[in-house]
Amino acid sequence: MINKYEVSILILRVVLGISFFIHGIAKFQGGIENTVGWFDSIGLPGFFAYVVALIEVLGGIALIVGLLTRIVSTLIVLLMIGAIFKVNLTMGFLGGYELDIAFLTMALVIAITGSNLYSIDHMLKKMKSN
């Protein structure tokens, strides 16, 4: 039987996955070289732009389908901590890091609880136990 708790976590997982997938795709569509240059301008190695964009795209897909959800969510928590402290903290909460805090919180909940409903992780776990 499906319970409200699992449905709630599923909603968080899918919305977070879609959000990160779109953010990652936007980095590539807007010209990843622009993002590389921006990373360089704030004192981060430019190649991190590729790492972040790939985590966002591939991690977003992984969250949507429920693959490696705890690992991907933990990576997103780390990305959001970096975004808050390196980019948005000085802008304040409103117009600054409020979305980062929301994404961080969603990812943290998923990292702590996992998300089994309609997930590849759960299917693989069931196959392994049989």
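Overview of values
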{"quantity": "Any chance I9 is assigned to a helix (DSSP H, G or I), touching a residue at least 60 places away in the same chain (Cβ under 8 Å) and either among the aliphatic types (A, V, I, L, M) or surrounded by 14 or more Cβ atoms within 10 Å (Cβ to Cβ) (or both)", "calculated": "yes"}
{"quantity": "Helices (runs of 4 or more DSSP H) completely within the stretch 13-130 that count 3 or more residues being of a type in the set (G, A, S) and surrounded by 15 or more Cβ atoms within 10 Å (Cβ to Cβ)", "calculated": "48-65"}
{"quantity": "Residues being under 24 Å from V109 (Cα atoms) and of a type in the set (K, R) - total across the stretch 1-57", "calculated": "2"}
{"quantity": "Number of positions in the stretch 73-87 that are free of Cβ contacts under 8 Å to residues at least 24 places away in the same chain and not small (G, A, S)", "calculated": "5"}
{"quantity": "Test set (1) under 26 Å from Y118 (Cβ atoms); (2) of a type in the set (V, I, T); (3) within 17 Å of the chain's Cα centre (by Cα) - V52 fails condition number", "calculated": "(1)"}
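We did not get these values from a lab; they are worked out from the coordinates using the rules stated. A quick note: this is a predicted structure, and the numbers were derived from the prediction, not measured. Virtual Cβ from ideal backbone geometry, glycine too; neighbours counted across all protein chains shown.
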